[in-house]
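The values are calculated or read from the model by the stated rules, or taken from the named source; none is laboratory data. Remember, it's a predicted structure, so these values are computed and weren't measured experimentally. Cβ coordinates were reconstructed from backbone atoms using ideal geometry, including for glycine residues, and neighbour counts include every protein chain displayed. What goes into the accessible areas is simple: the full protein's heavy atoms, side chains included, and nothing from ligands, DNA or RNA. Shrake-Rupley method; radii C 1.70, N 1.55, O 1.52, S 1.80 Å.
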Amino acid sequence: MARTVNQKRDTTENILHFPSNKSKFLKKILVAGGSGFLGSHLCEALLAADYDVICIDDLSTGRIENIKHLLDLPNFTFRRHDVRTPLNAKVDAIFNFASPASPPAYQADPIGTLFTNIVGARNLLELARRRDAVIVQASTSEVYGDPLVSPQREDYFGNVSTIGPRACYDEGKRCAETQFFDYRRLYDLKIKVARIFNTYGPRMRPDDGRVISNFIVQALRNEPITIYGSGLQTRSFCYVDDLIGGFMRFLGTSPDVTGPINLGNPTELTVIDLAERIIRLTNSKSSIIHLLPAVDDPQQRRPDISRAAAQLGWCPHVDVEDGLLSTIAYFDRALRHAAAGN
Ligand SMILES: NC(=O)c1ccc[n+]([C@@H]2O[C@H](COP(=O)([O-])OP(=O)(O)OC[C@H]3O[C@@H](n4cnc5c(N)ncnc54)[C@H](O)[C@@H]3O)[C@@H](O)[C@H]2O)c1
């Protein structure tokens, strides 16, 4: 009998609704960036909802171990491929998650990041056009830059540096959105654009460089927690299962629901509050130290999710402490595994 992926263990409403959301018209779905942190959870959710999944990834920041448990499934295929090169596949829908996402990763090869987001998006849009496929873009709250309004609504145009060290990512993502909406205007393509706000959970890389993974790894090692700047800058953190639930709902919407739609958790925390919670939840002996602020670091991030609520019937459910506890458990296992030389 064919193996299937178990229904995800999470109890959130969004996750439990996956199978009933399955579209009658979509069968085969391509996930570009499918072996990364978010992409691998998305592949799982799509398989659990009975879709056939083709995962495309160049393994630059993603890892095979994220999808190892899927590789033998009959309805899952993995192809190593860089989206900057055109591709072909018989698919009914495409998710574009292919891009490095953490600042150290995307700044390591800034021109590569820019081209992945511009040329990669173009290649996937062309594929969608040839196949008349739905195409969903994983955009980002970084399109708002260092916002001057809070919370950020989708009609806010942002405050973005075109020349700073974050611009390769921010402008790449903005240009990808531009292409999506031009393809819609020119070719009536079935596009869907979601702007993801900071999301965390199992399968983030320990060396990823994002604030949650940094703090948890430092706390588990009882090393000082490093905060860039005062720590009074705010972030809102969405647990991965909630986010994937939003994407699954988006996929099931009619073609007139194009976005952009913010997906994130509006609960705002200061970075210092986050550090203190992680120290408490890990029973860590870590102290907190402050380093110079990062260049162009946004001071405030909080999504207005009223559009997601109205158009997708979606809102996040996972409480930040519950999400942190499961992420801490994941990193604890990963660090022990690495220490044992596995
Ligand atoms: N995690 C977040 O908080 C967050 C926030 C906003 C937006 N996003 C977006 O979501 C997507 C996934 O992010 P993530 O957090 O899972 O990061 P990730 O680095 O774990 O995943 C990105 C994946 O894309 C792959 N990739 C990169 N360049 C590629 C290329 N040229 N060709 C093929 N594959 C390529 C990587 O190998 C990796 O598997 C990204 O597009 C990111 O911009 C994430």
By accessible area with a 1.4 Å probe, ligands and nucleic acids excluded, highest first: order of PHE95, PHE115, PHE181, PHE37: PHE115, PHE181, PHE37, PHE95
DSSP-defined antiparallel bridges as percent of all bridges, the chain, nearest 5: 10 percent
Cα-based equivalent ellipsoid, segment 143-295: semi-axes from gyration tensor eigenvalues, Å: 33, 18, 13
Spin-label pair LYS90/LEU71, simplified geometry with 7 Å Cα→Cβ offset, distance in nm: 2.6 nm
Extension gain from TYR187 to LEU325, taking 0.36 nm per residue of separation minus the Cα-Cα distance: 45.1 nm
Rounded accessible area per residue of the chain, 1.4 Å, Å²: 43 Å²
GLN299-PHE25 pseudo-label distance in nm [points 7 Å out on the Cα-to-Cβ vector]: 4.6 nm
Sequence-separation-based contact order of the chain, relative, with Cα cut under 8 Å and 6+ spacing, percent: 18 percent
Distant-in-sequence amide H partners of THR199 (H built 1.01 Å from N, under 5 Å): CYS238
Under 15 Å, Cβ to Cβ, from GLY259 - net charge with Lys/Arg +1 and Asp/Glu -1: +4
Solvent-accessible ranking of THR113, THR61, largest area first, probe 1.4 Å: THR61, THR113
Cα long-axis angle, helix 320-339 against the chain (0 to 90 degrees, to the nearest 10): 80 degrees
FRET efficiency for LEU291 and ASP109, using Cβ-Cβ distance with R0 set to 22 Å, rounded to 0.05: 0.40
Contact order normalised by residue count of segment 186-342, Cα under 8 Å, 6+ apart, percent: 35 percent
Extension gain from ARG80 to ALA310, taking 0.36 nm per residue of separation minus the Cα-Cα distance: 79.1 nm
Accessible area, probe 1.4 Å, largest first, for residues SER60, SER102: SER60, SER102
Max mean-square fluctuation residue, GNM over the chain, Cα-Cα springs under 10 Å, options ALA121, ALA219, ALA310: ALA310
Nearest 10 degrees, 0 to 90: helix 271-281 Cα axis against the chain principal axis: 80 degrees
Per-pair calculated FRET efficiency, R0 = 30 Å: GLU126 and LEU59 via Cβ, rounded to 0.05: 0.85
Tilt relative to the chain, helix 121-131 - C-alpha long axis, 0 to 90 degrees, to 10: 30 degrees
Cβ-Cβ FRET estimate between THR270 and ARG336, R0 fixed at 25 Å, reported to 0.05: 0.25
Carbon and sulfur %, accessible surface of the chain computed with the full protein complex present, 1.4 Å: 51 percent
